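Take a look at the structure below.
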Amino acid sequence: MKRIYNLVISIILVAWLSACEDDYLDRVPETDIGAERFFNTEEDLSIYINNLYDFTDFDQYNDDGGTDNAATTGNTELKTMMVGSPSSATISAGWEWEDLRTINFFLENFGKADIPQNRLDHYEGLARFFRARFYVEKVKRYSDVPWYSKTITSNDEELLMQPRDPRTLVVDSIMADFQFAAENVSGDGREGEVNAWVVKTYQARYALYEGTFRKYHPELSLQESADTYLQTARNVAKDIMNNGGFALHTTGNSAEDYHQLFISANLGSNPEVILVRAFENELLNSDFSATIFGNFEVSPTKDLLQSYLMADGSYYTGLPDYETNLFVEEFQNRDPRLNQTYAYPGWELIFTDTYSQGGGIYIQQLAKNFTGYHQIKGFVNDTDITVRNSIDVPILRFAEILLTYAEAKAELGELTQEDLDMTVNQLRDRAGMPNLTMNPPVDPIQAARYPNISSAQAAELLEIRRERRIEFALEGYRMDDLMRWHAGSLLESEPEGLYFPELGNYDLTGDEVADIKLIDALESIPEEREVNELGEPLIYYRAGSFGQDASLFLGNENSGTIQAIAERGTFIEPKYYYRPIPQSEVVLNPNLTQIFAWE
């Protein structure tokens with residue numbers, strides 16, 4: 001049986017809390033509980049550390065919403081900023097420190113446990129790992145933030161009034177925490193536990209983030225130190241590649257291997273998965289939601305679809321008139337990962353609980369404010385609830401390490417064909433795609449996305465960035481990538497969907513038989529609908545433009561691409577790469593000044 005670590009620890013924690021005297025929590029401040037009655041055994045330390053686990057789950061498959069990978073009808077913070085007039089008075093989220101207090105409290109008390117020194121070091125490493133992750137998110141959001149390495153009480157006036165510390169100091173402290181954790185956290189453990197390889201994966205991820213952020217953000221004036229972090233990313237990734245014992249999941253089935261990573265109930269034994277959120281029916285049910293599929297909030301974009309290569313390795317955007325390809329044509333002779341990420345012509349829908357169309361060969365369900373594309377990555381297409389409740393989520397994959405290594409090497413100007421063969425080409429081999437070689441031809445569309453690339457190996461780096469976008473599509477990586485690459489302006493492009501050259505009948509399943517009919521928004525859908533050659537009634541949609549009473553919006557009212565959002569707004573650089581400290585916090589501590597033109 002799968003070992004559900006989080007469930008076991010939760011049961012232990014509940015039992016321990018239940019054993020406390022009824023009035024104990026009322027009499028003793030929260031942070032005093034452990035100081036007097038806790039931190040005595042390894043079990044105590046394990047229970048406390050487990051409470052710090054905050055890894056994502058099925059939500060990651062919606063986390064690209066609001067980027068150029070996926071449109072969203074939800075209210076994201078950045079989306080609201082770009083169409084409004086944000087200030088420190090209107091942006092109040094993000095300045096929370098409770099989790100840090102919990103971590104620092106542990107670090108001040110764990111040493112009382114009567115266990116061997118190497119186990120104490122292990123638990124200190126875990127706490128410092130979680131502190132590093134906490135501060136990573138703070139630096140991403142605010143850049144300069146106060147560094148607190150101890151719990152703060154109401155008597156610590158100096159700390160309570162502490163100003164921002166420089167980004168350099170905070171990042172150095174983050175990297176020191178990561179390094180201590182990498183050297184001291186155990187290399188093994190139970191399924192779903194943080195071990196040394198999990199620590200090193202996050203260490204490499206953040207080193208790559210910080211190195212590229214410094215390199216491509218001149219407003220920081222930290223370009224000279226960028227290579228130090230890129231070298232760390234390179235070295236740590238190589239360590240994992242050489243010594244971690246991980247490998248890509250592949251059975252030789254290029255049409256399925258990639259997709260199976262996201263709908264599997266047994267990822268704990270998968271050689272590619274470095275960290276898993278494990279679920280099992282009736283023990284710890286997954287939080288899978290059919291809304292991943294689409295027409296709820298998030299829908300994949302045409303821009304992402306157009307980034308996938310042709311099956312022969314050539315650029316899709318190099319095809320004549322590629323922008324006016326119909327839905328069925330868009331999926332012909334493409335990178336097999338496209339058909340394992342998007343619902344493709346001829347795909348069969350089995351799990352129909354939230355879709356009125358019913359099961360069978362799926363006809364793209366169109367709706368206003370959605371692109372018309374649907375996502376099958378992470379979508380559990382199974383009617384058996386025990387299956388849906390048992391699907392694991394891959395939090396960290398070895399694929400990330402391979403691409404971290406390749407990107408760091410290319411940014412440093414050190415990339416070789418051998419490097420490509422052990423990284424990017426491993427992923428392409430799994431997908432059944434031609435290998436990437438040095439000095440590839442430059443795709444002008446891809447180059448236009450990232451005009452600020454400064455590496456001597458820009459052509460290779462452009463393709464590594466493409467590979468990263470495709471391999472991690474709709475897994476929640478895209479926003480961080482755009483931010484660190486100084487590519488926020490890409491968020492201004494309005495998300496587009498399927499293309500229709502005119503009103504009329506269209507095949508969406510690939511059998512050359514019409515499935516839907518577009519009519520003018522001013523017309524009414526007739527009670528007696530036209531039927532196709534198979535005797536099936538067509539699905540009618542009233543097409544128009546924003547502001548009209550229509551089923552969907554087209555770019556030219558009666559033709560063009562489906563328009564999901566009327567206006568994405570303006571990404572103000574460099575201001576919108578950061579957030580203001582909430583005004584209410586500045587009132588409490590006037591030493592917290594705003595930066596990058598925030599008020």
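For this structure, a couple of remarks:
- Annotation note: Cβ proximity below 6 Å between a residue of segment 192-206 that is of a type in the set (D, E, K, R) and a residue that is open to solvent by 10 Å² or more (accessible area, probe 1.4 Å) and modelled with pLDDT of 95 or more (sequence gap 6+ or interchain) occurs for K200/A182; K200/V236.
- From the options E533, E502, residue that is in contact (Cβ under 8 Å) with a residue 12 or more places away in the chain, of a type in the set (D, E, K, R) and within 24 Å of P300 (Cα to Cα): E502
- Residue check, D382 open to solvent by 60 Å² or more (accessible area, probe 1.4 Å) and not in a strand (DSSP E or B): no
- Contact map, segment 567-590: first residue closer than 19 Å to V139 by Cβ, second residue open to solvent by less than 60 Å² (accessible area, probe 1.4 Å) and of a type in the set (V, I, T), Cβ cut-off under 6 Å, separation 6 or more or different chains; pairs are R579/I91; P580/I91.
- Look at segment 542-563: where a residue is over 17 Å from I525 (Cα atoms) and in a loop (DSSP other than H, G, I, E, B) and a partner is of a type outside the set (G, A, S) and open to solvent by less than 50 Å² (accessible area, probe 1.4 Å), sitting 6+ places away or on another chain with Cβ atoms under 6 Å, you get S545/F553; F546/F553; G555/T561; G555/Q563.
- Just one of the numbered conditions (1) at pLDDT below 95; (2) assigned to a helix (DSSP H, G or I) is not true of E219: (1).
- Scanning segment 141-178 for residues that are among the charged types (D, E, K, R), assigned to a helix (DSSP H, G or I) and under 29 Å from L45 (Cβ atoms) gives D172, D177.
- Among the residues of segment 200-253, those identified as of a type in the set (G, A, S) and open to solvent by less than 40 Å² (accessible area, probe 1.4 Å) are A204, A207, G211, S225, A226, A233, A237, G244.
- For segment 435-452, the count of residues that are in contact with a Phe, Trp or Tyr (Cβ under 8 Å, 6 or more places away or on another chain) and surrounded by 24 or more Cβ atoms within 10 Å (Cβ to Cβ) is zero.
- Candidate set: segment 67-81, residues that are of a type outside the set (S, T, Y) and open to solvent by less than 20 Å² (accessible area, probe 1.4 Å); chosen: the one nearest to A367 (Cα to Cα): A71
- Scanning segment 407-419 for residues that are in contact with a Leu (Cβ under 7 Å, 6 or more places away or on another chain) and either without any contact (Cβ under 8 Å) to a residue 24 or more places away in the chain or crowded, with 24+ Cβ neighbours inside 10 Å (or both) gives E407, A408, K409, A410, E411.
- The lone criterion from (1) surrounded by fewer than 24 Cβ atoms within 10 Å (Cβ to Cβ); (2) at pLDDT 95 or above; (3) closer than 22 Å to L275 by Cβ left unmet by R388 is number (2).
- The listed residue being over 19 Å from S286 (Cβ atoms) and in contact with a helix residue (DSSP H, G or I) (Cβ under 7 Å, 6 or more places away or on another chain), out of L366, L412, L396, L349: L412
- Unmet criterion (only one of (1) among the β-branched types (V, I, T); (2) at pLDDT 95 or above; (3) open to solvent by less than 50 Å² (accessible area, probe 1.4 Å)) for I292: (2)
The values are calculated or read from the model by the stated rules, or taken from the named source; none is laboratory data. These numbers come from a predicted model, not from an experiment. Neighbour counts are summed over all protein chains in view; Cβ atoms, including those assigned to glycine, are modelled from backbone coordinates with ideal geometry. Surface areas here come from the heavy atoms of the whole protein model, side chains and all, with no ligands, DNA or RNA. Shrake-Rupley method; radii C 1.70, N 1.55, O 1.52, S 1.80 Å.
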